[in-house]
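Down below is the structure, laid out as structure tokens.
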């Protein structure tokens, strides 16, 4: 990276369609990972996830914005 370049913080807002909160969280983190894979210095991060129905002013912020665990990839417990 050249020393003459400045570093900027950018927040990106997008709408995604999902069947439920779990899938919305999963898709949000997949998009962030896709940005990271194409632009390694970008370090995309999910700041907030909320449900906002189309043509509505209502908004429900999800309490849990963490990346959901893929249960298919989980290893079985040792007991």
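So, of the residues in segment 59-79 that are modelled with pLDDT of 90 or more and part of a loop (DSSP other than H, G, I, E, B), which turns out to be farthest from residue 22 (Cα to Cα)? Top of the filtered list is 59.
Scan segment 9-22 and give yes if some residue there is over 14 Å from the mean Cα position of the chain (by Cα) and at pLDDT below 95, otherwise no. There is at least one residue in segment 9-22 that is over 14 Å from the mean Cα position of the chain (by Cα) and at pLDDT below 95.
Would you be able to say whether some residue in segment 24-38 is assigned to a strand (DSSP E or B) and without any contact (Cβ under 8 Å) to a residue 60 or more places away in the chain? No, there is no match, as no residue in segment 24-38 is assigned to a strand (DSSP E or B) and without any contact (Cβ under 8 Å) to a residue 60 or more places away in the chain. Give me the pairs: first residue in segment 42-63 and more than 15 Å from residue 13 (Cα to Cα), second residue in a loop (DSSP other than H, G, I, E, B), beta-carbon distance under 6 Å, and six or more apart or on different chains, which are they? Matching pairs, first to second residue: 62/49.
Which of the residues that make up segment 1-50 are under 22 Å from residue 61 (Cβ atoms) and touching a helix residue (DSSP H, G or I) at 6+ places or on another chain (Cβ under 6 Å)? Hits for segment 1-50 are 16, 18, 44, 46, 49. For segment 39-49, the candidate set comprises residues that are surrounded by 12 or more Cβ atoms within 10 Å (Cβ to Cβ) and under 11 Å from the mean Cα position of the chain (by Cα); within that set, the residue that is nearest to residue 19 (Cα to Cα) is 49.
The values are calculated or read from the model by the stated rules, or taken from the named source; none is laboratory data. Quick caveat, the model's predicted, so the values are computed rather than measured. Heads up, the Cβs are rebuilt from the backbone with ideal geometry, glycines too, and the neighbour counts pull from every protein chain shown.
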